[in-house]
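The values are calculated or read from the model by the stated rules, or taken from the named source; none is laboratory data. Computed from a prediction, not measured in an experiment: that's the story for all the values here. In this analysis, Cβ positions are derived from the backbone assuming ideal geometry, glycine residues included, and neighbour counts consider all displayed protein chains.
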Amino acid sequence: MRQKRSEIYSVELSGTKDIVRTDQGDDKEKYRGLKNNCLERKKKNQEEDFQKELQLDDHKLNNRELEKKYGTNIIMGLSSTRAAELLARDGPNSLTPPKQTPEIVKFLKQMVGGFSILLWVGAFLCWIAYGIQYSSDKSASLNNVYLGSVLVLVVILTGVFAYYQEAKSTNIMSSFNKMIPQQALVIRDSEKKTIPAEQLVVGDIVEVKGGDQIPADIRVLSSQGCRVDNSSLTGESEPQPRSSEFTHENPLETKNICFYSTTCLEASTSPIGTVTGMVINTGDRTIIGHIASLASGVGNEKTPIAIEIEHFVHIVAGVAVSIGILFFIIAVSMKYRVLDSLIFLIGIIVANVPEGLLGTVTVTLSLTAKRMAKKNCLVKNLEAVETLGSTSIICSDKTGTLTQNRMTVAHLWFDNQIFVADTSEDHSNQVFDQSSSTWASLSKIITLCNRAEFKPGQENVPIMKKAVIGDASETALLKFSEVLLGDVMEIRKRNRKVVEIPFNSTNKFQLSIHETDDPHDKRFLMVMKGAPERILEKCSTIMINGEEHPLDKSTAKTFHTAYMELGGLGERVLGFCHLYLPADEFPETYSFDIDAMNFPTSNLCFVGLLSMIDPPRSTVPDAVTKCRSAGIKVIMVTGDHPITAKAIAKSVGIISANSETVEDIAHRLNIPVEQVNQRDAKAAIVTGMELKDMSLEQLDEILANYQEIVFARTSPQQKLIIVEGCQRQDAVVAVTGDGVNDSPALKKADIGIAMGIAGSDAAKNAADMVLLDDNFASIVTGVEEGRLIFDNLKKTIAYTLTKNIAELCPFLIYIIAGLPLPIGTITILFIDLGTDIIPSIALAYEKAESDIMNRKPRHKKKDRLVNKPLAVYSYLHIGLMQALGAFLVYFTVYAQEGFLPHTLINLRVEWENDNVNDLEDHYGQEWTRYQREYLEWTGYTAFFVGILVQQIADLIIRKTRRNSIFQQGLFRNKVIWVGIASQIIIGLILSYGLGSVTALNFTMLRAQYWFVAVPHAILIWVYDEVRKLFIRLYPGSWWDKNMYY
Amino acid sequence: MTKNEKKSLNQCLAEWKLFIYNPTTGEFLGRTAKSWGLILLFYLVFYGFLAALFSFTMWVMLQTLNDEVPKYRDQIPSPGLMVFPKPVTALEYTFSVSDPTSYAGYIADLKKFLKPYTLEEQKNLTTCPDGALFEQKGPVYVACQFPLLLLQACSGMSDPDFGYSKGKPCILVKMNRIIGLKPEGVPRIDCVLKNEDQTNITTYPHNGMIDLKYFPYYGKKLHVGYLQPLVAVQVTLAPSSAEKEVTVECKIDGSPNLKSQDDRDKFLGRVMFKITAHA
C-alpha cells in the first residue's frame, strides 16, 4: 500500500490527476483519499484518461509530425469547418469553473447544522404533544404549538443569520472571479483572424504578441525574442526565453512549449517579442487546467474551529440528550404520564441547548474578520479567522510571497570590495560608499549600457513603481541608477549613443558606444556588460580607486572569489567594463559598424561586478522571527532553484544564520555528504527530484526532524504532498502562495493565504484568506488575532454554558420534587437569545491575558476549545451556584406571597389542576388556578432575574482565565459594560415593559427581588478570583490541572 | 497505518474496557484511586459549603416572613368561587335520580365538607352582629358562627340526600378565603341558568346573601376555627323527561370591590357548572 502511494506521488505533472480523487469521503481519515483510489473504479477510469492525455510529447515532434498529429497546416491553419468540429468535440477553451454548492443546499445545511437538529426534534415533540392533547381534549391549550413554532423560528432565524454571514464573506470574493474575455490572433483558412480565445481548438495556429497572455498550451513554431513569465507556474522569477527548439525531456522545462495563461513579455528589442505556435491543448486539458482541477479536486479541509465547534456541539448535545432521556425514564417510572414526560423532555432540551451560541460565534468571527480586513487581511471563509491562530507550520511559496518578484540590484563589487545595495521595496537607503571614482565609471556603464526605458507619462509615480519597457535585469539596473543618479534619460541624452550591440545568447554581452558628456573630451566611450567571465576575458586592466591597474593573477583571483561569493548567494551576476577609444584613432566622424566590428573589443578596463536577485520583501524577516517565537515552523516550498531558494531562505531567516545543512557541514569538514551525521544539521534543503524518490515515511522524517526546511524545484502536486505530510504530523498548516502552481496546496492547507496584488486568480480562489497588501507581516497579525479569538471563544462558551445548568435544574427539581415550574421554556429562550447575546459577543473584544505570541500554537488534538475542565467548571461549579442563587429568588417570591418552600414540595399536580380553584397556601388563603399561574409567571420572572444578575458576575469573571480581573482591568473592555447594560435593560423591558403581555410569561417583579441573588453573584466572583489565585500560585498543581480551562 | 483505519468493534470495546479500568496505571474511569479520592473530597467539601450557604440564605429569607400574614397579598386581590361537592372532572355533576349509588359520592363529599359547620363544631364560636364587617384588633381573634340552618333545604339536616334523590340537587358555592379582604356593599351570590327551561333555581340563604360579619379573615394561625360563609344552590329539575342537562353560572354581585368579570380567570368571582340528571 505504502509502496503504491509513493509511486502515485512520485509522478510529475503527467500524473496530476492521481491526486484528484482525494477526499470526498470520510474526513476523519488521515491519509485522506490516498487510500481509496483503487476502490473507486469510476475515478480510476478518469485517471487513465488523464494520463493518456498528459503523455505530452509534442515538444519532441518536428513540424511535419505535428501537422500530421493535429491535422492542420502551419501556413494555412485549420479550416473553419474543422475548427467548428473540434470545438464541438472538445468544448470551449476555458477552464471549467469549480463546482459551486447550490445556494439552497448551503441554506439547508445551515438549517440542520449544529444544534438545529435538536431544536427541530424539540419542536416536533411539542407538536406531537399538542396532537396527543388535542385528540383527548379538544380544548387543549395551544402553548405547545406556540413553543414548537418558536423553536422552529429560532432555528430558521439562526440559520438565515449564519447563511447571510457566510454569503457576505463569499461575495467579497466574487469580484476576484471576473475574467476579462481574451482575444486571440489565429490563422484559419489561410487568413489571420481575431477570435475570442474561448473558441480556440487543438491544431489552431496562433500568433501571440509581447504583453499578451498565451491563450492555450502551444507548441512554439517560431519565435522572435520571446520570453514568457512562468513565475506563476514554476516559481521562477526570471522570464524564460522561448524558441522552437526542443531542449528538455520535461515538457515544463523545454523551450518550445508555452503554457496557457502565462504572459508573453514585452521586450524592448525590435522586433517586439512575438511567437507563433500551434495549439496543443485547450481548456481543462492544459497544464493550468490540470492544476486548477487538481485544486478543485482537493476538498476543503474542515477548519480547526469548525472541528472544535462540532466537538463542542457533540458534548452539549450529548449532555442534553442523555439528561433528557434519563429524566424521561425517571419521569415515566415516577408514574408521570408519557405525555408529561415528553413535555419535560422538550424543556430539558431547550434548557440545555445554548440556542444563541452559534450565532454569537459567527458574529465574533466576523468581527475579527472585519478587524483583519482593516489590516488588509481579507478573510474569505469566516472560520479561517481562527485557523491562523492554531497554525503550527507555515509553508510559504518564495516568489512573490517572500520576495518582491522583481529583480533588484543586491550587491556591487568594485575596488576589490563587495558593497551591499538596499533591496527594500523603495530603494531609499543606499548606503554604500559612492565617493570612489570607480563608482562614477561603473554607474556610467550601468546607465548607458542599458536599453530599458520608462514608459512615458509616469512622472508622478515613484521610481520603483514605474512601468518599464525592457527585461527584468535591465529594468533593475535602470531603476537602480535612476534612484542613485537621478534622471537617467537625461544622462543618456547627454551621452549620445552612437551604436550598440544588443545582448544575445552567443555573445553573452551587450555593448554600446557613446559620445561623452564632457565637451572637451572628444573620445568615444565604449561600455559593455555581460556574463562576468566573458567580460573579464576581454579585459587587460582593472580599475581600482579610479585608476587603471594591470589585470594580474592576484586581481583575477579576487575577482573570482567575489564572483563565486555573489553567485553563491543565488544572485545573477553581471560584469561591467569600459574603454575610452583614443580620439586619434576614432575621430568624431568615425563610422562604427557593428557587423564589421571595426572597433576593439578586447584589452578593455574591467570596472566592477553587480549582482541582482529577486529580494525578499522587507517585512518578511521580522515576520518570520515573530512566527518562530510564536512556535510556528516556517517552511519554504518553491519551484525555484535550490541555490536561490537557500539564499532567500537565509536572508529572511527561514534558515537561521547559524544553522547548517548536511551539505554545508560536508563542505566545512571537507568530507562526503554521506558521512555527515544527519542529526548535526538543523536545516535541510530538499529538491523536487529528491522528493520524488522519497517514501512518505522519509518525508515525514524530514518534516519531523528538521527545524528549518526548504523545498526547491517542487511541482504543484509535490507541494500538495508536503502539505499533507505536515498535516500528518498533526500540524495545522498554513500555505502562502501567489501562483497557479500553489493553488492545490492552498486549497489542501488548513488555511490558504494568497497574495492580493501579485496573486493569480487561481490562487485567490483556492485561498481562505487574501493579503490585500501582499504583506507577509499581516500573517503575524492574523496569528495574533486567531489566537485571541480562540481564547475569547473559550470565554464566550464558558459564559454561555454556565447558565444552562441554572436553566436545567428547575426542570429536574420540578420533575423530582414536584415544585411549581420555576422557569418556563419561553423564558429560557429569552435568556439564551435575549439578555445573553450581547455580553457573549462583548467577550470577543477582550484583550489577551498574556503575550499570546510567545506561546506555542495549540495542539489540534489536545488543546480543545471546550475541554473537560471548562465543561466541569461551568456546569458543576459556577452553573450550580447560579442555580442556587436563582432558586433563592424563586423561593423568596413564593414564600412572600404565601407559599413557603415546604408547602411547595409535591404541589405540582394540584397546582397545575385546572379544576382546583381553591388551593390553600400556608396562611389559609385560597388561590384560583389563574392566580396561581400568574404567581408561577412571577416565579419565572424571578428566576430569570436571578440568572440575569448572576450572569453579570459570570460575565465579569469570564474576562480572564488565569489573571485576576483587577490585573486585566475591569473597565478596559468597554464593550463588556455595554453588554451588562444591555442585559439589564432587556431584563427591565421584559419585566416592566412587556410584563402585561401574558404570552411572554413575564410579570412586573418587585424591585427588591433584583437584589436577592446579588450575594450569590458576589460569591461567584470571589470564588473565581480564589480559583485564579491558586492557579497562578501553584502552576502545574492538582488545582491547576482540574480548574484551568 | 492502522491508525487511520476505522476502529473495529473489538478495538472499540477494548478501548472502553481500558477506559473503565486500566490495570497498568490503576486508572478507573480515567482517574486513579487517589485522584478519585481527591476529586470526591473536593466536591464533598465544595457542595457541602454550597448547601450550607444555600440553607443559610434561605434561613435569612424566611426570617423576613411573618408567621401570621404573608408579606404580600397583591396577587390575590379578589376571591375566586368554588363549588362543592368537588367534581371529579371539569365542573360536571352527573347522576341518576333513581340510582342512589350514582350520587352517593357527592353526598359523602358534601357531608365531609359540612362537618366543621355542625353545631358541635361551632359551639365555641362567637355569634357576631349581622350586616357589618367584624373587624378585630387581636391578640385573640374569634370566628363567627355560620348556622347550618341558613342553608335550609341544602343543610343536609332535613334532607340527608341533599335533594339528589328528588331531582333537586344542592351545590354549595364558597368564596375563597383571602386575608384582610373587606367586601364593600352587599355581596351576594347570584346564580342563573344558562339554558333557560323548565327548571328553576333557588339559593340559600335567601337571595344568596353573604353576611359581612364573616370578613375580614385574619389567617389560618390567628383566626382559629374560622368558617367561611356558604351559599347553597338548589336546582329543581323538571320531573318530566328522561335526561336533563343544565348549566348554572354563579357570580358575586352587589360588591364593587369583588370582581366577577375577568377575561382570563374564569373562576374569579364566578363559577360555572353543569348538572346532568338521568331519570
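Residue check: is A:GLU897 within 11 Å of chain B (Cβ to nearest Cβ) and crowded, with 23+ Cβ neighbours inside 10 Å? Criteria met by A:GLU897. Selection of helices (runs of 4 or more DSSP H) fully inside region A:274-389 by the criterion of at least 2 residues being at pLDDT 85 or above returns A:304-333, A:338-352, A:357-374.
Tell me, please, whether a residue that is over 12 Å from B:ILE76 (Cβ atoms), out of contact with any strand residue (DSSP E or B) (no Cβ under 9 Å at 6 or more places or on another chain) and in a helix (DSSP H, G or I) can be found in region A:908-915. Within region A:908-915, one or more residues are over 12 Å from B:ILE76 (Cβ atoms), out of contact with any strand residue (DSSP E or B) (no Cβ under 9 Å at 6 or more places or on another chain) and in a helix (DSSP H, G or I).
Evaluation of B:ILE107 against the conditions (1) within 14 Å of chain A (Cβ to nearest Cβ); (2) outside any loop (DSSP other than H, G, I, E, B); (3) among the aliphatic types (A, V, I, L, M); (4) in contact (Cβ under 8 Å) with a residue 12 or more places away in the chain shows that the sole unmet condition is (1). Screening A:ALA467, A:ALA472, A:ALA440 for residues that are out of contact with any Pro (no Cβ under 8 Å at 6 or more places or on another chain) and surrounded by 13 or more Cβ atoms within 10 Å (Cβ to Cβ) leaves exactly one candidate, A:ALA440. Against the conditions (1) surrounded by 20 or more Cβ atoms within 10 Å (Cβ to Cβ); (2) assigned to a helix (DSSP H, G or I); (3) more than 7 Å from chain B (Cβ to nearest Cβ); (4) not polar (S, T, N, Q), A:HIS922 satisfies every one except (2). The set of residues from region A:985-997 being surrounded by 15 or more Cβ atoms within 10 Å (Cβ to Cβ) and of a type in the set (Val, Ile, Thr) comprises just one member, A:ILE986. The number of residues in region A:1026-1045 that are at pLDDT below 90, surrounded by fewer than 16 Cβ atoms within 10 Å (Cβ to Cβ) and of a type in the set (D, E, K, R) comes to 1. Residues in region A:843-893 that are among the β-branched types (Val, Ile, Thr), in a helix (DSSP H, G or I) and buried (at least 21 other Cβ atoms within 10 Å of the Cβ): 4 in all.
Out of everything in region B:223-236 that is hydrophobic (A, V, I, L, M, F, W, C) and in a strand (DSSP E or B), what residue ends up being farthest from B:LYS111 (Cα to Cα)? Step by step, filter region B:223-236, then rank; the result is B:VAL235.
Taking (1) surrounded by 12 or more Cβ atoms within 10 Å (Cβ to Cβ); (2) within 11 Å of chain A (Cβ to nearest Cβ) in turn, B:THR64 satisfies each apart from (1). Might you check whether a residue that is out of contact with any strand residue (DSSP E or B) (no Cβ under 8 Å at 6 or more places or on another chain), charged (D, E, K, R) and within 14 Å of another protein chain (Cβ to nearest Cβ) occurs anywhere in region A:958-980? No, because not a single residue in region A:958-980 is out of contact with any strand residue (DSSP E or B) (no Cβ under 8 Å at 6 or more places or on another chain), charged (D, E, K, R) and within 14 Å of another protein chain (Cβ to nearest Cβ). Can you say whether A:ASN915 is touching a Leu at 6+ places or on another chain (Cβ under 9 Å), surrounded by fewer than 20 Cβ atoms within 10 Å (Cβ to Cβ) and within 11 Å of another protein chain (Cβ to nearest Cβ), as far as the supplied structure shows? So A:ASN915 fits the description; yes. Being within 23 Å of A:TYR923 (Cα to Cα) and either within 14 Å of chain A (Cβ to nearest Cβ) or assigned to a loop (DSSP other than H, G, I, E, B) (or both) is the requirement here; does B:LYS220 meet it? So B:LYS220 passes the test. Looking at this structure, is B:ALA90 farther than 23 Å from A:ALA140 by Cα and either among the small types (Gly, Ala, Ser) or in contact with a Pro (Cβ under 7 Å, 6 or more places away or on another chain) (or both)? The answer is no for B:ALA90. Flag: A:TYR130 matches the condition of being of a type in the set (Phe, Trp, Tyr), over 30 Å from A:SER743 (Cα atoms), buried (at least 17 other Cβ atoms within 10 Å of the Cβ) and at pLDDT 85 or above.
If you filter region B:24-40 down to residues that are within 11 Å of chain A (Cβ to nearest Cβ) and not in a loop (DSSP other than H, G, I, E, B), you find that the one that is surrounded by the fewest Cβ atoms within 10 Å (Cβ to Cβ) is B:LYS34. Report whether or not B:LYS274 is within 14 Å of chain A (Cβ to nearest Cβ) and touching a residue at least 24 places away in the same chain (Cβ under 8 Å). The answer is yes for B:LYS274.
Evaluating A:SER222 against the criteria (1) over 35 Å from the mean Cα position of the chain (by Cα); (2) surrounded by 16 or more Cβ atoms within 10 Å (Cβ to Cβ); (3) modelled with pLDDT of 80 or more leaves one unmet condition, (2). For region A:707-795, the strands (runs of 3 or more DSSP E) that sit wholly inside it and include 2 or more residues that are over 13 Å from the mean Cα position of the chain (by Cα) are A:708-712.
Check region B:8-23 and report whether any residue there is in a loop (DSSP other than H, G, I, E, B), more than 27 Å from B:LEU148 (Cα to Cα) and within 14 Å of another protein chain (Cβ to nearest Cβ). Checked against the condition, which is being in a loop (DSSP other than H, G, I, E, B), more than 27 Å from B:LEU148 (Cα to Cα) and within 14 Å of another protein chain (Cβ to nearest Cβ), region B:8-23 yields no hits at all. You will find that of A:LEU819, A:LEU812, the residue that is in a helix (DSSP H, G or I) and either touching a strand residue (DSSP E or B) at 6+ places or on another chain (Cβ under 6 Å) or of a type outside the set (Ser, Thr, Tyr) (or both) is A:LEU812 and no other.
Checking the structure you have, find out if any residue of region B:1-23 is on the phi > 0 side of the Ramachandran plot, surrounded by 11 or more Cβ atoms within 10 Å (Cβ to Cβ) and not assigned by the TED database to the domain that holds B:LEU181. Within region B:1-23 (the criterion being on the phi > 0 side of the Ramachandran plot, surrounded by 11 or more Cβ atoms within 10 Å (Cβ to Cβ) and not assigned by the TED database to the domain that holds B:LEU181), the answer is no, since none of the residues qualifies.
Quick one: in region A:284-336, which of the residues that are out of contact with any Leu (no Cβ under 9 Å at 6 or more places or on another chain) and among the acidic types (Asp, Glu) is nearest to A:ILE805 (Cα to Cα)? So, considering only residues that are out of contact with any Leu (no Cβ under 9 Å at 6 or more places or on another chain) and among the acidic types (Asp, Glu), the one nearest to A:ILE805 (Cα to Cα) is A:GLU310. For region A:449-463, the condition holds for at least one residue, the condition being that it is in contact (Cβ under 8 Å) with a residue 60 or more places away in the chain and basic (Lys, Arg).
Checked against (1) part of a loop (DSSP other than H, G, I, E, B); (2) buried (at least 18 other Cβ atoms within 10 Å of the Cβ), B:LYS137 passes all but condition (2).
Residues in region B:67-98 that are more than 7 Å from chain A (Cβ to nearest Cβ), among the aliphatic types (A, V, I, L, M) and buried (at least 17 other Cβ atoms within 10 Å of the Cβ): 3 in all.
Looking at this structure, is A:THR601 surrounded by 23 or more Cβ atoms within 10 Å (Cβ to Cβ), under 26 Å from A:THR558 (Cα atoms) and of a type in the set (Ser, Thr, Tyr)? Taking the combined requirement at face value, the residue does not satisfy it.
Just checking, does region B:155-177 include any residue being away from chain A (no Cβ under 14 Å), more than 17 Å from B:TYR214 (Cβ to Cβ), in contact with a Gly (Cβ under 9 Å, 6 or more places away or on another chain) and assigned to a loop (DSSP other than H, G, I, E, B)? Yes, region B:155-177 has at least one match.
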